[in-house]
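Encoded as structure tokens, the structure appears first; notes follow it.
Nothing in this text is a laboratory measurement; each read-out follows from the coordinates by a stated rule. These numbers were taken from a predicted model, which means no experiment stands behind them. When we count neighbours, we look across all protein chains shown, and the Cβ atoms used for this are built from the backbone with ideal geometry, even at glycine.
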Amino acid sequence: MKKAKASPSHPLDALVRTERIPHIWCPGCGIGTAFSACLMALHTSGLDLDKTVMVSGIGCSGRAAGYTRLDSYHTTHGRAIPFATGMKLAKPELQVIVFSGDGDLFAIGGNHIIHAARRNIDLTVLCVNNLNYGMTGGQVAATTPTLAKTTTTPRGNPEQPFNLPLLVYAAGATYVARWTILHTRDLTQSVQEALHHKGFAFIEVLAPCPTGYGRRNKERPLDTLKLYQERTLIKNGANPAEAFLDFERGVVLGKFVEEQRPTCIEMYDRTCRLPDSAAG
Amino acid sequence: MGKRVGMEVSIAAAEVVGLCDVDVIAAYPITPQTHIVEHLSELVAEGHLDAEFVPVESEHSAMSTCVGAAAAGARTFTSTSSQGYALMAEICYIASSLRLPIVMAVANRALSAPINIWNDHADMMMSRDTGWIQTVAENGQEVVDLLLHAYRVAEDPRVLLPVIVNLDGFTLSHMIEPIWLPDKEEVDRYLPPYKPKLRLDPRNPMTFGPVGMPEVYTEAKKAQDEAMNGALPVIIEAWGEFEKQFGRAYRPVETYKTDGAEILFLTMGSISETAMTAVDKMRAEGKKVGLVRLRLWRPFPAKELVDVLKRAKAVAVVDRAMAFSTRSGPLCVEVKAALYDHGVSPYVQNFIAGLGGRDVTVEDFEAMAAKTGDGLSKGLPMAYEIVNVRE
């Protein structure tokens with residue numbers, strides 16, 4: 001009997017630039033799980049992948065745009081959202097996904113995300129939150145918990161981090177969720193919902209960064225996953241104001257917001273374009 | 001007494017900035033600069049340096065914070081590279097126009113796209129006209145020395161301009177080198193306490209950065225140009241004082257085996273040391289090749305440069321950045337202008353080398369010397385070439 005030839009394959013191979021694998025993510029890093037949940041959601045979404053674009057900024061999560069076999073755009077640091085906005089406005093039929101990190105989306109690019117949410121532009125934004133700038137070696141970020149140690153806060157972070165779901169909700173996002181990489185099925189389902197949501201959809205994905213953040217805070221990769229398991233509570237519909245990230249008190253996960261409001265493009269078309277009859 | 005240490009150049013840079021008693025450091029992480037400010041944050045956290053370390057949300061904010069702090073009378077420091085430097089550029093113009101003596105270390109790195117974290121001089125050239133004094137280091141010792149020199153020059157009441165010390169990303173920033181690190185007493189002897197001349201003071205209210213109507217804008221820019229030109233003698237004087245105290249000499253234009261040279265290389269930064277090795281080798285083979293290194297990029301020491309270059313038959317200018325469509329790199333454009341202004345016209349061959357981390361070897365210098373010699377002897381038109389490019 002002829003021995004079956006072993007051809008290693010993966011259900012997501014069609015969506016990954018396998019020639020660029022192995023990836024740069026460290027052992028224990030959570031980005032790969034978030035990335036595969038995103039790709040799995042795309043794979044099963046029924047969307048036309050020829051009309052799907054992935055945009056990333058700079059940082060470890062920013063590598064996603066380079067690893068996916070979709071049309072993709074690896075932008076400069078902090079600018080994923082405005083690049084994506086331009087793309088969506090120019091070709092509204094595109095499905096535009098932003099896959100980037102907390103430092104990129106909320107520090108150097110913080111201005112852009114609040115305005116994209118305010119406009120309710122039809123983007124799907126996945127923010128992998130690993131609580132620090134991982135790629136440059138673990139510096140304090142706008143998401144680093146108070147008193148946490150990083151290379152630029154050796155005595156602990158004196159500042160308060162952002163509550164990301166509350167921030168984007170307050171700015172006008174119409175779909176807001178938070179999951180961890182341990183909640184892969186919920187996350188995948190949430191990405192599917194976000195992809196079909198009309199308007200600005202935001203998902204925060206909590207992910208460990210054992211190299212940058214974990215080492216300095218005596219948190220091994222498994223410790224972080226245990227926090228995700230033991231110190232979280234799924235509470236769909238929770239008020240984003242409750243979503244402050246504090247594992248001492250417990251962290252709420254779930255779909256917090258799903259609302260309908262005219263999108264940026266709908267409002268633009270309605271307000272700024274002359275009716276066909278007037279255009280003559 | 002200072003001590004000789006084996007130290008990563010970025011760490012040594014942070015150490016000397018710490019010894020300069022800076023008051024405010026504002027920085028955002030970017031490769032390959034990050035180790036400099038990381039170590040400064042450690043110095044602050046461990047109580048070795050009484051300063052405010054502000055981990056801002058972007059380079060634009062880093063420079064803005066430095067401008068604010070300097071306007072309030074603080075001695076400030078930041079560091080960046082490449083894309084971060086580009087983002088910071090808006091405020092770099094403000095810092096120099098407001099005459100604020102901020103000091104910055106730039107770990108030079110290529111500019112995107114494509115994304116490239118490795119060394120070349122694209123960022124240095126991008127910021128050519130931001131109005132900052134710019135020096136260029138070739139090794140770790142020079143980084144330390146030039147940073148100390150930077151504060152003394154920047155804060156001199158005859159200058160009052162911000163200063164950048166350029167160091168090649170990775171090839172310098174991440175090397176461990178033997179370095180003479182001065183001690184506090186030596187630094188204090190060289191660098192007087194900062195006495196801000198222009199600062200916000202409730203007893204003597206002053207407005208920084210208001211609108212300059214067409215009636216005054218031109219005069220403001222002329223004053224800035226004069227300040228930059230006037231800085232040159234102070235820069236040289238401060239190097240003279242440095243030599244007296246520390247025994248290491250610096251000049252705007254440095255030379256290596258230029259006596260009797262027919263072909264002179266002109267380089268900036270760490271590849272100069274490779275060029276020296278190449279010159280040694282070629283000299284041993286009887287080839288009349290020498291090296292000129294530009295230490296001071298701004299103010300541009302045109303006369304000092306021409307005085308050296310005019311002795312050669314040919315000049316091979318090695319640029320590490322592009323100036324698209326000019327058929328010269330950005331350094332060569334300025335060299336040609338300086339030669340023309342001084343009525344000197346050697347044969348000038350321009351090579352673009354070492355872009356985005358591409359290695360430049362001794363053999364490359366030998367090939368460049370051969371090509372320049374060939375062009376000179378055959379009377380070929382002066383050429384412009386991107387070295388080792390795959391067609």
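Annotations
- Restraint check, B:Lys336/B:Lys378; A:Lys226/A:Lys255; B:Lys184/B:Lys257; B:Lys336/B:Lys371, Cα-Cα greater than 25 Å: B:Lys184/B:Lys257
- Under a 5 Å amide H cut-off, with hydrogens placed 1.01 Å from N, B:Val5 pairs with B:Ile179, B:Trp180, B:Leu181 among residues at least 5 apart or on other chains.
- Here the contact order of chain B, divided by its residue count and restricted to Cα pairs under 8 Å and six or more residues apart, works out to 16 percent.
- Taking the DSSP beta bridges with both ends in chain B, the antiparallel portion is around 25 percent.
- Distance distribution P(r), chain A, all Cα-Cα pairs, bin width 5 angstrom from 0: 1, 6, 13, 17, 19, 16, 12, 7, 4, 2, 2, 1, 1, 0, 0, 0 percent.
- Residue exposure sequence - B:Met126, B:Met7 - by fewest surrounding Cβ within 10 Å: B:Met126, B:Met7
- Dipole moment magnitude, nearest 20 debye, chain B about Cα centre, only Lys, Arg, Asp, Glu C-beta charged: 1160 debye
- Computed over chain B, the Cα gyration tensor eigenvalues convert (square root of 5λ each) into semi-axes of 35, 23, 20 Å, ordered from largest to smallest.
- Calculated from backbone phi, Karplus (6.51, -1.76, 1.60) coupling profile of the range B:97-109 in Hz, x at Gly/Pro: 5, 7, 6, 9, x, 6, 10, 9, 9, 10, 7, 4, 8
- Rg/Rg_ref, the range B:253-386, where Rg_ref = 2.2 N^0.38 Å and atoms are Cα: 0.94
- Fewest-first ranking of B:Leu305, A:Leu195, B:Leu161, using other Cβ atoms within 10 Å as the exposure measure: A:Leu195, B:Leu305, B:Leu161
- Computed about the Cα centre, the dipole magnitude for the range A:27-279 is approximately 540 debye when only Lys and Arg (+1) and Asp and Glu (-1) carry charge, each at its Cβ.
- Based on every Cα atom in the protein assembly as shown, Rg and the maximum pairwise Cα distance Dmax equal 27.8, 96 Å.
- Top of B:Glu215, B:Glu363, B:Glu42 by mean-square fluctuation, Gaussian network on chain B, Cα under 10 Å: B:Glu215
- Amide H contacts for B:Ser58 (H built 1.01 Å from N in the peptide plane; partners 5 or more residues away or on another chain; cut-off under 5 Å): none found.
- Extent along principal axes [Cα atoms of the range A:210-266; Å; largest to smallest]: 48, 24, 16
- Between amide H atoms placed 1.01 Å from N, distances below 5 Å from A:Val125 occur with A:Val98, A:Ala201, A:Phe202, A:Ile203, all of them 5 or more places distant or on a separate chain.
- Listed residue (B:Leu49, B:Leu266, B:Asn204) projecting farthest to the positive dipole end of chain B, Cβ model: B:Leu266
- For the range A:88-243, the share of alpha carbon pairs falling in successive 5 Å distance bins from zero is 2, 9, 18, 22, 20, 15, 9, 4, 1, 0 percent.
- Residue among B:Thr65, B:Thr255, B:Thr207 with the largest mean-square fluctuation in a Gaussian network model of chain B, springs linking Cα atoms under 10 Å: B:Thr207
- Set of aspartates and glutamates with alpha-carbon distance to A:Lys91 below 12 Å, sequence-local pairs under 8 removed: A:Asp122
- Theoretical ellipticity at 222 nm over the protein assembly as shown - DSSP helices of four or more residues, -39500 (n - 2.57) apiece, nearest 500: -11500 deg cm²/dmol
- Over the range A:139-193: Kirkwood hydrodynamic radius from C-alpha pairwise inverse distances, Å: 13.2 Å
- Among A:Lys235, B:Lys336, B:Lys195, the order by Cβ neighbours within 10 angstrom, fewest to most, reads B:Lys195, A:Lys235, B:Lys336.
- The range A:9-130, dipole about Cα centre (Lys/Arg Cβ +1, Asp/Glu Cβ -1), debye to the nearest 20: 240 debye
- Options A:Thr174, B:Met382, B:Ala27, ranked by Cα towards positive dipole end of the protein assembly as shown, top entry (Cβ charges): A:Thr174
- Aspartates and glutamates whose Cα lies under 14 Å from that of B:Lys313, excluding same-chain neighbours fewer than 8 positions away: B:Asp259, B:Glu262, B:Asp374
- Selected from A:Ser72, A:Ser100, A:Ser61 as most flexible by GNM, with chain A as the system and alpha-carbon contacts under 10 Å: A:Ser72
- Each residue of the range A:241-256 was assigned a 3J(HN,Hα) from its phi angle through the Karplus curve 6.51 cos²θ - 1.76 cosθ + 1.60 (θ = phi - 60°); the sequence is 5, 7, 8, 4, 8, 8, 5, 5, 7, x, 10, 8, 10, x, 8, 8 Hz, with glycine and proline shown as x.
- Farthest toward the positive end of the dipole of the protein assembly as shown, out of A:Thr152, A:Met54, B:Gln134, is the Cα of A:Met54, where the dipole comes from beta carbon charges about the Cα centre.
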